[in-house]
Amino acid sequence: MGFNIKISMVKELYKHRFEIFFLTQLFILFGSLLFPNDFFEDILTPTLFLINTMAGILLISKKKKLMWFLIGLFAVSLLVFGSSMLKKDTDFQENFLIRLSVYFIFYIFVTHQIILQIWRAKRVNNTVVIGLMCGYISLGFIAFFLFTTIALLEPNSFKGVIIQSSNIDMGLDSIMYYSYITLMTIGYGDIVPVTPLAQKAAIITGLMGQFYLVIVTAIIVGKYIQHNTSLD
């Protein structure tokens, strides 16, 4: 009886998978506007990423093998997060890089599944539109993890960003900002990639954003127009 209730709850949550994932993404991006910065960066951000990981697992729950793989990643992120909270010593940077790697892999798989699910949707409704937004925001997170890793492994890769191994939190907001500015190909020029690796990562990010808008978004809009035309 209890097992059947849990299954029905998961099925009900699955219907709102994109909405849940989207809300956690928005809190990660804009939660610092509502809470003190130190509290948000040290406590809420890692917690929100863990909740976002759980939402991502729900999103791909029909792919059993992939789901268990992501659950394994979730367990790793929990262990690393717990370790970094207990001791902030010389191992903190290494733990932080492991967390970056975990989230980078997680977002690649989840973003791929988001795109597949909205691509295969026969009818474009509110859920598909929210899924479309989830996919675009996820590309920004992938860029963020990539740029942050580069900034840590190759210091001074980005002009205009201050990030140090002794204070990793410093500069993360700037990298998040740069990730989305690059994804949207706005390019204000206040932050500039100055090493070959950072420049190539910037090119890849810009291409991802353009391909997503030109191909994925265009196909979803085309399906929406086609469906409304057929109803008329």
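Quick one: is Phe35 over 25 Å from Leu79 (Cα atoms) and modelled with pLDDT of 80 or more? Walk me through it before giving the result.
Details: over 25 Å from Leu79 (Cα atoms): yes; modelled with pLDDT of 80 or more: yes.
Against the criterion (over 25 Å from Leu79 (Cα atoms) and modelled with pLDDT of 80 or more), Phe35 qualifies.
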Fill in the blank from the handout: Expected single match for open to solvent by 30 Å² or more (accessible area, probe 1.4 Å), modelled with pLDDT under 85 and assigned to a helix (DSSP H, G or I) among Ile43, Ile51, Ile71 is Ile43
Problem - segment 78-137, residues that are modelled with pLDDT of 80 or more, of a type in the set (S, T, N, Q) and open to solvent by less than 50 Å² (accessible area, probe 1.4 Å) - result: Thr111, Gln113, Gln117, Thr127
Practice task
Kindly indicate the residue of segment 211-222 that is surrounded by 13 or more Cβ atoms within 10 Å (Cβ to Cβ) and more than 16 Å from Ile130 (Cβ to Cβ) and also modelled with the lowest pLDDT among those meeting that condition.
Solution key: Ile219
Practice task
Kindly indicate which of Ile203, Ile175, Ile150 is open to solvent by less than 30 Å² (accessible area, probe 1.4 Å), more than 30 Å from Ile20 (Cβ to Cβ) and part of a helix (DSSP H, G or I).
Solution key: Ile150
Exercise for the section: Among the numbered conditions (1) open to solvent by 30 Å² or more (accessible area, probe 1.4 Å); (2) modelled with pLDDT of 85 or more, tell me where Ile28 comes up short. Expected result: (1)
Exercise for the section: Find all pairs meeting these conditions: Cβ atoms under 8 angstrom apart; at least six residues apart or on different chains; first residue within segment 18-30 and closer than 13 Å to Thr111 by Cα; second residue open to solvent by 60 Å² or more (accessible area, probe 1.4 Å). Expected result: Phe22/Met133
Exercise for the section: Identify all residues within segment 31-40 that are farther than 24 Å from Ile57 by Cα and either without any contact (Cβ under 8 Å) to a residue 40 or more places away in the chain or not in a helix (DSSP H, G or I) (or both); write none if there are none. Expected result: Leu33, Leu34, Phe35, Pro36, Asn37, Asp38, Phe39
Handout entry: Residue that is most open to solvent (accessible area, probe 1.4 Å), among those in segment 153-170 that are modelled with pLDDT of 85 or more and hydrophobic (A, V, I, L, M, F, W, C)
Key = Leu153
Problem - Meets criteria (out of contact with any Gly (no Cβ under 8 Å at 6 or more places or on another chain) and on the phi > 0 side of the Ramachandran plot) for Gly189 - result: yes
Handout entry: Complete set of residues in segment 12-21 that are closer than 12 Å to Gly131 by Cα and open to solvent by 40 Å² or more (accessible area, probe 1.4 Å)
Key = Lys15, His16, Glu19, Ile20
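Give segment 1-19 a look and list any residue that's assigned to a helix (DSSP H, G or I), out of contact with any Leu (no Cβ under 7 Å at 6 or more places or on another chain) and at pLDDT 85 or above, or say none.
To start, the set of residues in segment 1-19 that are assigned to a helix (DSSP H, G or I) comprises 2-15, 17-19.
Add one more test, that the residue is out of contact with any Leu (no Cβ under 7 Å at 6 or more places or on another chain), and what stays is 2-12, 15, 18-19.
Of everything in segment 1-19, those that are assigned to a helix (DSSP H, G or I), out of contact with any Leu (no Cβ under 7 Å at 6 or more places or on another chain) and at pLDDT 85 or above turn out to be Phe18, Glu19.
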Fill in the blank from the handout: Out of (1) more than 28 Å from Thr127 (Cβ to Cβ); (2) at pLDDT below 95, the one Asn228 does not meet is (1)
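The values are calculated or read from the model by the stated rules, or taken from the named source; none is laboratory data. Here the structure is a predicted model, which means the values were calculated and not measured. Heads up, the Cβs are rebuilt from the backbone with ideal geometry, glycines too, and the neighbour counts pull from every protein chain shown. With ligands, DNA and RNA removed, areas are computed over all heavy atoms of the protein, side chains included. Shrake-Rupley method; radii C 1.70, N 1.55, O 1.52, S 1.80 Å.
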